[in-house]
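Everything below concerns the one structure shown next.
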Amino acid sequence: TTITTTTTAAMTRRQKRRHLVKARECVRALEKWFKNGAVDCEAYLIALKAELTALELHNKNGNKNNNNTDVGARIESLFDGAIEAAERLTYWDVAGFTSERAGWKLRELGLEDMSKKYFFQAAHMYKEWGAAAKVQNILSK
């Protein structure tokens with residue numbers, strides 16, 4: 001059983017590494033497109049960068065409660081940039097999804113009060129997009 005648990009943990013780390021590598025490749029591709037004039041990918045680019053950075057911060061700091069507020073503030077700043085870009089482009093679905101992801105990341109860190117703001121913001125964005133069922137889903141959490 002110990003060998004199985006160790007093997008499963010190692011596979012999970014390998015899979016996570018593979019996903020991170022793929023996500024970084026996507027960031028490079030989006031950066032290239034944005035640089036070449038595809039301004040409509042800006043919100044996706046910033047959102048993916050925010051997600052990656054939040055993941056790296058979370059992995060680096062673990063669940064050290066003394067540092068969570070600082071990490072939470074950095075995560076807020078990153079996701080706020082992505083949300084603003086999506087709003088500017090009127091991509092309400094992306095703004096809603098990005099707000100929701102920020103809420104989940106902050107909740108993972110135990111920052112419930114900070115996360116609520118993003119869940120309510122996500123509900124508002126989904127409402128703008130016309131996704132009534134998603135609004136109800138968000139508000140029920």
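The values are calculated or read from the model by the stated rules, or taken from the named source; none is laboratory data. Predicted, not measured: the structure shown is a model, and the values here were computed from it. Heads up, the Cβs are rebuilt from the backbone with ideal geometry, glycines too, and the neighbour counts pull from every protein chain shown. Ligands, DNA and RNA are excluded from the accessible area calculation, which covers all protein heavy atoms including side chains. Shrake-Rupley method; radii C 1.70, N 1.55, O 1.52, S 1.80 Å.
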In debye to the nearest 20, the charge dipole size for the chain, taken about the Cα centre with +1 at each Lys and Arg Cβ and -1 at each Asp and Glu Cβ, equals 720
Rounded to the nearest 10 degrees, the helix 42-61 long axis (Cα) sits at an angle to the longest Cα principal axis of the chain of 30
The pairs in Lys49/Lys117; Lys35/Lys117; Lys35/Lys134; Lys22/Lys116 lying past 23 Å Cα-Cα in this model are Lys35/Lys117; Lys35/Lys134; Lys22/Lys116
Projected onto the charge dipole of the chain (unit charges on the beta-carbon of Lys, Arg, Asp and Glu, signs +1, +1, -1, -1), the Cα from Ala50, Phe119, Ala85 with the largest positive-side position is that of Ala50
Excluding ligands, DNA and RNA, the carbon-plus-sulfur percentage of the accessible area of region 13-140 with a 1.4 Å probe reads 54
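Taking only C-alpha pairs under 8 Å that are 6+ residues apart, what is the relative contact order of the chain in percent?
17
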Among Asn36, Asn59, Leu106, the residue whose Cα sits farthest towards the positive end of the charge dipole of the chain, when +1 is placed on the Cβ of each Lys and Arg and -1 on the Cβ of each Asp and Glu, is Asn59
Tilt, helix 68-88 to longest principal axis of the chain (alpha-carbon atoms), in degrees rounded to tens, equals 40
Measuring from its Cα centre, region 14-57 shows a charge dipole (+1 at each Lys and Arg Cβ, -1 at each Asp and Glu Cβ) which, in debye to the nearest 20, is 400
